[in-house]
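Data block below; observations after.
The values are calculated or read from the model by the stated rules, or taken from the named source; none is laboratory data. Computed from a predicted structure; not experimentally measured. Cβ coordinates were reconstructed from backbone atoms using ideal geometry, including for glycine residues, and neighbour counts include every protein chain displayed. Heavy atoms of the whole protein, side chains included, go into the accessibility calculation; ligands, DNA and RNA do not. Shrake-Rupley method; radii C 1.70, N 1.55, O 1.52, S 1.80 Å.
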Amino acid sequence: MTSKDMADNAANEVKSNDNEREMIEIELLLEGIHRLYGYDFRNYALPSIKRRIYYHAQSENVSTISGLQEKVLHDRSAFDRLVQSLSIPVTEMFRDPELFLNFRRKIIPILRTYPYIRIWHAGCSTGEEVYSMAILLHEEGLYDKARIYATDMNNLSLQQAKEGVYGIDRMKLYTKNYLESGGTQSFSEYYTAKYDSVMFHPFLRKNIIFAEHNLATDRSFNEFNVIFCRNVMIYFNDELRNHVHGLFYDSLSHFGVLVLGAKESIHFTDYSDSYEPLDRVEKIYRKIK
């Protein structure tokens with residue numbers, strides 16, 4: 001064996017040890033969070049959660065994941081900051097307008113036949129999608145007989161959702177999305193502008209119930225006609241994704257509608273045969289058994 005081969009072997013061994021140490025640190029951090037706080041990130045997709053953990057460690061001025069673990073397990077505020085980093089909200093009003101347009105055309109006629117409508121927005125983030133649904137139902141004359149349950153594991157995001165206050169700089173995009181989704185009014189009628197922010201009118205919140213709910217650990221809490229869960233499960237591994245689909249299956253009424261994100265699917269889960277597609281492109285499915 002040449003000296004170069006020996007050096008390469010030594011370098012590979014060091015790299016292997018570093019990778020093993022990294023995995024141990026991540027597993028211990030996530031296990032500690034689960035046991036102490038009840039939040040379960042253990043089945044999140046590794047590349048995504050590792051990237052967010054390292055980014056957050058830098059913001060907390062710690063050099064190792066073990067250092068972050070010590071801080072998080074002994075300081076609740078440090079844990080709250082970590083949860084905020086691990087559940088970065090990415091959302092907007094009427095995001096993917098074609099989806100909401102097709103929801104108006106294909107799902108609203110079904111909902112009109114129901115005496116009462118329950119809709120669950122799982123992983124609602126800061127609430128933009130929830131207010132979008134409230135506006136849509138209002139314009140279709142269905143809001144008074146509807147209840148929207150908006151849940152997320154992130155308390156800071158939920159608080160913003162409850163307040164319904166957003167940056168005014170987003171309104172140009174939101175107005176464009178609203179019009180492309182089939183909106184029938186002037187979008188500005190739904191909010192009041194003040195300085196650099198807007199507040200959506202209180203009547204949109206009257207039938208919304210905001211609550212903390214963790215898809216990884218919490219159970220079904222009601223029966224729903226529609227469940228929205230968009231761009232949440234892309235961060236889960238196969239085991240957790242299948243678990244959450246089981247939760248949704250148990251929570252949907254017969255012929256209930258499941259709406260997923262553009263990069264998500266019910267395929268390769270235990271429940272793929274339990275649904276029929278109402279819109280393959282927009283990932284709208286109906287529970288059939």
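A few notes on this one:
- For the stretch 215-276, the Kirkwood hydrodynamic radius comes to 11.8 Å, computed from all pairs of different C-alpha atoms.
- Candidate aspartates and glutamates - alpha carbon under 19 Å from Lys194, same-chain residues fewer than 8 apart omitted: Glu128, Glu163, Asp169
- Dipole magnitude for the stretch 37-85: computed about the Cα centre from +1 point charges on Lys and Arg Cβ and -1 point charges on Asp and Glu Cβ, it is near 180 debye.
- Modelled FRET efficiency - R0 25 Å, His201 with Phe255, Cβ distances, 0.05 increments: 0.15
- With helices as the sole contributors, the chain gives -13500 deg cm²/dmol at 222 nm; each DSSP H run of n ≥ 4 counts as -39500 (n - 2.57), and the sum is divided by every residue.
- Listed by chain and number, the lysines placed with their C-alpha closer than 16 angstrom to that of Lys263 are Lys283; residues fewer than eight positions away on the same chain are left out.
- 15 Å reach of a label modelled at Ser265, 7 Å along Cα-to-Cβ, counting backbone N of the stretch 224-243: 234, 238, 242
- All aspartates and glutamates inside 13 Å of Lys71 as judged from Cα atoms, apart from same-chain residues fewer than 8 positions distant: Glu60, Asp80
- Using only side-chain charges placed at the Cβ, +1 for Lys and Arg and -1 for Asp and Glu, the dipole size of the chain relative to its Cα centre rounds to 980 debye.
- Angle in degrees between helix 3-37 and the longest Cα principal axis of the chain, rounded to the nearest 10: 50
- Relative to the longest principal axis of the Cα atoms of the chain, the long axis of helix 171-180 lies at roughly 60 degrees.
- Entry comment: accessible area of the stretch 25-77 is 56 Å² per residue, from protein heavy atoms only and a probe of 1.4 Å.
- R0 of 30 Å, Cβ-Cβ distance Asp75-Glu212: FRET efficiency to nearest 0.05: 0.90
- Placing a label point 7 Å from the Cα of Arg219 along the Cα-to-Cβ direction, the residues of the stretch 246-289 whose backbone N falls under 20 Å of that point are 246-254.
- Residues whose amide H comes within less than 5 Å of that of Val232, counting only those at least five positions distant or on another chain, are Gly261 (H built at 1.01 Å from N in the peptide plane).
- Solvent exposure of the stretch 165-257 amounts to 50 Å² per residue of accessible area, where only protein heavy atoms count and the probe is 1.4 Å.
- Candidates Ile148, Ile53, Ile227: whichever shows maximal mean-square fluctuation once the chain is modelled as a Gaussian network with Cα springs under 10 Å: Ile53
- FRET efficiency, 1/(1 + (r/R0)^6) with R0 51 Å, evaluated for Thr192 and Asp273 via beta carbons: 0.60
- Accessible area of the chain belonging to carbon and sulfur atoms, whole % at 1.4 Å probe: 50
- One entry in (1) -0.41, -0.50, -1.05; (2) -0.29, -0.38, -0.93; (3) -0.56, -0.66, -0.99 is log10 I(q)/I(0) by the Debye sum over Cα atoms at q = 0.08, 0.09, 0.14 Å⁻¹ calculated from the shown coordinates; its label is (1).
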